[in-house]
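The values are calculated or read from the model by the stated rules, or taken from the named source; none is laboratory data. A quick note: this is a predicted structure, and the numbers were derived from the prediction, not measured. So basically every Cβ, Gly included, is an ideal-geometry build from the backbone, and we count neighbours across all protein chains shown. Heavy atoms of the whole protein, side chains included, go into the accessibility calculation; ligands, DNA and RNA do not. Shrake-Rupley method; radii C 1.70, N 1.55, O 1.52, S 1.80 Å.
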Amino acid sequence: MMASELQKLTKKNRGFYVKMRILHKGRQPEKGLFFKYYQWILWFSLTLYFLTSFFITNKPIPLSKTHVFGSRFSLASRVLFESVNKTSQQPKLKIPVEFKDLKIYIYDLPSEYNENWLTNKRCSNHLFASEVAIHRALLNAHDFRTFDPNEADFFFVPVYVSCSFSTVNGFPDIGHARSLLFSAIQLVSSNYHFWNRSQGSDHVFVASHDYGACFHAMEDRAVDNGIPEFLKNSIILQTFGVNYKHPCQDVENVLIPPYISPESIRKTLEKAPLTGNRDIMVFFRGKMEVHPKNVSGKFYSKRVRTEIWRRYKGDKRFYLQRHRFAGYQSEIVRSVFCLCPLGWAPWSPRLVESAALGCVPVIIADGIRLPFPSVVNWAEISLTVAERDVGKLGHILEHVAATNLSAIQKNLWDPTVKRALLFNDHMQEGDATWQLAVVVVAALACIAGVI
């Protein structure tokens, strides 16, 4: 089913507690007729009571009731909580059956683990910002968020490790990631018994970086470092994924899309509709080194981007730009094909931007795994070109344009595709946070033998 999206889930012990909890929920004994009638009356009375209370008061849950650590700790996420609740009241979600028993507890960590980083606006808007977006969405997921850790199925640990930006090149500096996460785990395990009870197997972290929880941009260094021992029993939400054995996914993980601001997509499509004129055949804007060997001594993009530049920089079918441009989304929405070559890592935010803006993604990254394949049929909305075939790109794309382009675009322009790849502050039916919850619940249910 969806278990393939939760890497290695069926191969490792998810923890006795989690399995027994799911089993308990999925195998309820039959109740007598009188008991069922009494239960129905009680449910109706409670529903009427809470609905009446809601319409009389219509007040949000006070922050003072959300903490367990104490007042010093409860202040940690106050700004974040208020920022995601200041908008108008959101419509009630239609929660699917598989969500009805899901309970997620969010640790209210001190501000140095999350809130303080938001003083830099880039923290919540750059390509690694899914760690912020998922936290915000879960804070607002009142249908399955619980304030009682004793009834939780999962424990979300909100630590923002990619918001420290280098003063030299402006790129995220994740050198502090391991120590910050380890500190958070020490805090959690010393104040609660839940981590020690399951050895962290029901705890969820986000690692939205080049090589996930290996926390390094260079693959060789990432592999050498490996995943920290203190995270190896936990669930990692990560953007890195390949369809072969790799040390940086040697942990139970759910593959998630890289973060792209839904607001930026909305504004771009207001100016240029999805089905509008596309006068650029092939588009790519980004780093394309003339000499592929980087100053670090590594070959960037395995020479793929350099090969693209060398072969097609003078080709009128290709619109290639090596310099940054803030309005590049306006170029994507004008393009038929958008190149999505690997960089240091296989994945790229261009995958999401291209798909959301209706430009056919041309994926050039051998062995890449793509997010939410049960909802996003990547084979029907994108093209995959082997790294060794970059020299044939022109011929391949001309052939597609002359044959099945209209069918690909029809599939790509389905609203469910864009919705599934974007994170919203308030979770929406079918969006990335929604898909994430579906994957986790379905996979755990498979383990417990419920479905």
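Backbone N atoms of segment 323-364 closer than 11 Å to the 7 Å Cα→Cβ label point of Lys287 belong to residues 343-345. For segment 175-186, the Karplus equation 6.51 cos²θ - 1.76 cosθ + 1.60, evaluated at θ = phi - 60°, returns couplings of x, 8, 4, 4, 5, 5, 5, 4, 4, 5, 5, 4 Hz by residue, with Gly and Pro reported as x. Label-to-label distance, Asn120 versus Trp413, with points set 7 angstrom from Cα along the beta-carbon direction: 4.0 nm.
Multiplying the residue separation of His395 and Lys267 by 0.36 nm and removing their Cα-Cα distance gives an extension gain of 42.7 nm. Extension gain, Tyr244 to Glu387, is 49.8 nm, computed as 0.36 nm per intervening residue step minus the present C-alpha separation. Taking all protein chains together, His203, His142 sort by accessible area into His142, His203, largest first [probe 1.4 Å].
Figure note: Arg324, Arg419 ranked by solvent-accessible area, largest first, 1.4 Å probe, ligands and nucleic acids not counted: Arg324, Arg419. Rounded to the nearest 10 square angstrom, Thr403 shows an accessible area of 80 square angstrom against a 1.4 Å probe. For Phe299, nonlocal amide neighbours, meaning residues 5 or more places apart or on other chains whose placed amide H falls under 5 Å from its own, are Asn294. Our analysis of segment 357-451 gives Rg over Rh at 1.07, with the two radii drawn from alpha carbon positions and Rh computed by the Kirkwood formula. Of the whole protein surface, Ile381 contributes about 0 Å² of accessible area at a 1.4 Å probe radius. Accessible surface calculations at 1.4 Å, restricted to protein heavy atoms, place segment 234-352 at 46 Å² per residue.
Counting protein heavy atoms only, segment 309-367 has 49 percent of its accessible area on carbon and sulfur, 1.4 angstrom probe. Shown are Asp143, Asp108, Asp315, whose ranking by accessible area with a 1.4 Å probe and every protein chain present, most to least, is Asp143, Asp315, Asp108. Under 5 Å from the amide H of Arg285 lie the amide H atoms of Gln321, each residue being 5 or more positions distant or on a separate chain, with H modelled from the backbone and absent for Pro and chain starts. Surface calculation, 1.4 Å probe, protein heavy atoms: Thr416 sits at approximately 60 Å² accessible. Estimated at 0.36 nm per residue, the fully extended path between Arg317 and Ser330 surpasses their Cα-Cα distance by 2.9 nm. Residue-wise HN-Hα couplings along segment 319-326, as the Karplus relation 6.51 cos²θ - 1.76 cosθ + 1.60 with θ = phi - 60° gives them from phi, are 9, 10, 9, 9, 10, 6, 8, 4 Hz; Gly and Pro carry x.
FRET efficiency for the pair Asp143 and Glu229, taken as 1/(1 + (r/R0)^6) with r the Cβ-Cβ distance and R0 = 41 Å, rounds to 0.75. Residues of segment 174-202 falling in the label zone of Asn150, defined by backbone nitrogen less than 14 Å from a point 7 Å along Cα to beta-carbon, are 193-194. Taking a point 7 Å out from the Cα of Glu380 in the direction of its Cβ, the residues of segment 337-359 whose backbone N falls within less than 20 Å of it are 352, 354-359.
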